[in-house]
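Have a look at the structure below before the remarks.
The values are calculated or read from the model by the stated rules, or taken from the named source; none is laboratory data. Because the structure is a prediction, the values reported are computed rather than measured. When we count neighbours, we look across all protein chains shown, and the Cβ atoms used for this are built from the backbone with ideal geometry, even at glycine. These area figures cover heavy atoms from the full protein model, side chains too; ligands, DNA and RNA do not enter into them. Shrake-Rupley method; radii C 1.70, N 1.55, O 1.52, S 1.80 Å.
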Amino acid sequence: MIKITFNNKPAELETGVSLQEFVESNGMVSTNIAIAVNNSVVLKEKWGDTTINDGDSILIIKAYYGG
């Protein structure tokens with residue numbers, strides 16, 4: 001198990017989880033969201049290749065439409 005921060009809250013994950021797997025396992029839809037790992041935005045094309053590591057800080061922001 002590794003320890004991370006997800007949207008400013010502590011969390012634990014299995015080792016070797018990619019960002020894409022993390023999104024899917026949390027029931028999130030991969031459209032209209034942006035992900036930053038350690039304050040750096042990760043392009044959607046790289047989510048499957050980006051492994052979450054111990055101590056990482058992950059921020060996921062969902063875009064909303066309307067006024």
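About its Cα centre, how strong a charge dipole does the chain have in debye, to the nearest 20, once Lys and Arg get +1 and Asp and Glu get -1 at the Cβ?
Working: 5 positive and 8 negative charges, 62 e Å.
I would put it at about 300 debye.
Is any residue of the stretch 1-34 close enough, with backbone N under 17 Å, to a label point placed 7 angstrom from the Cα of residue 57 along the Cα-Cβ axis, and if so, which?
3-12
Kindly provide the GluC sites (Glu not before Pro) of the stretch 10-64 that DSSP labels as loop, not H, G, I, E or B, and whose Cβ sees at most 12 other Cβ atoms within 10 Å.
Values: sites: 12, 14, 21, 24, 45; in loops: 14.
Passing sites in the stretch 10-64 are 14.
Where in the chain is the longest stretch that carries no chymotrypsin sites (Phe, Trp or Tyr not before Pro) classed as loop by DSSP and with at most 12 other Cβ atoms within 10 Å?
Details: sites that count: 64, 65.
Free of exposed loop sites, the longest segment is 1-63.
Rounded to the nearest 500, what is the 222 nm mean residue ellipticity of the chain from helices alone, with -39500 (n - 2.57) per DSSP H run of 4+ residues and division by all residues? Don't skip to the answer; put the middle values down first.
Working: 1 runs with 7 residues, N = 67.
Value at 222 nm, helices only, nearest 500: -2500 deg cm²/dmol.
Quick query: amide H of residue 50 versus all other amide H atoms, modeled in the peptide plane; which residues come in under 5 Å with a sequence gap of 5 or more or a different chain?
Residues meeting the amide H criterion: 19, 20.
Which of the aspartates and glutamates could a cross-linker bridge to residue 46, judged by Cα under 19 Å and excluding same-chain residues fewer than eight apart?
Here the aspartates and glutamates satisfying the reach criterion relative to residue 46 are 21, 24, 54, 56.
How many Å² of accessible area per residue for the chain, probe 1.4 Å? Write out the running numbers ahead of the final one.
On the way: 4660 Å² over 67 residues.
Per-residue accessible area for the chain comes out at 70 Å².
Give the carbon-plus-sulfur fraction of the accessible surface of the chain in %, rounded to a whole number; probe 1.4 Å, heavy atoms of protein chains only.
Details: 2350 of 4660 Å².
Carbon with sulfur: 50 percent of the solvent-accessible area.
Share of antiparallel DSSP beta bridges in the chain, in percent to the nearest 5? Each step should come with its number before you reach the end.
Details: 14 of 16 bridges.
Of the beta bridges lying entirely in the chain, close to 90 percent run antiparallel.
Once the mean 1/r over all distinct Cα pairs of the chain is inverted, what Kirkwood radius in angstroms do you read off? All intermediate terms of the calculation are to be shown ahead of the outcome.
Numbers: mean 1/r = 0.0819 Å⁻¹.
Kirkwood radius, the chain: 12.2 Å.
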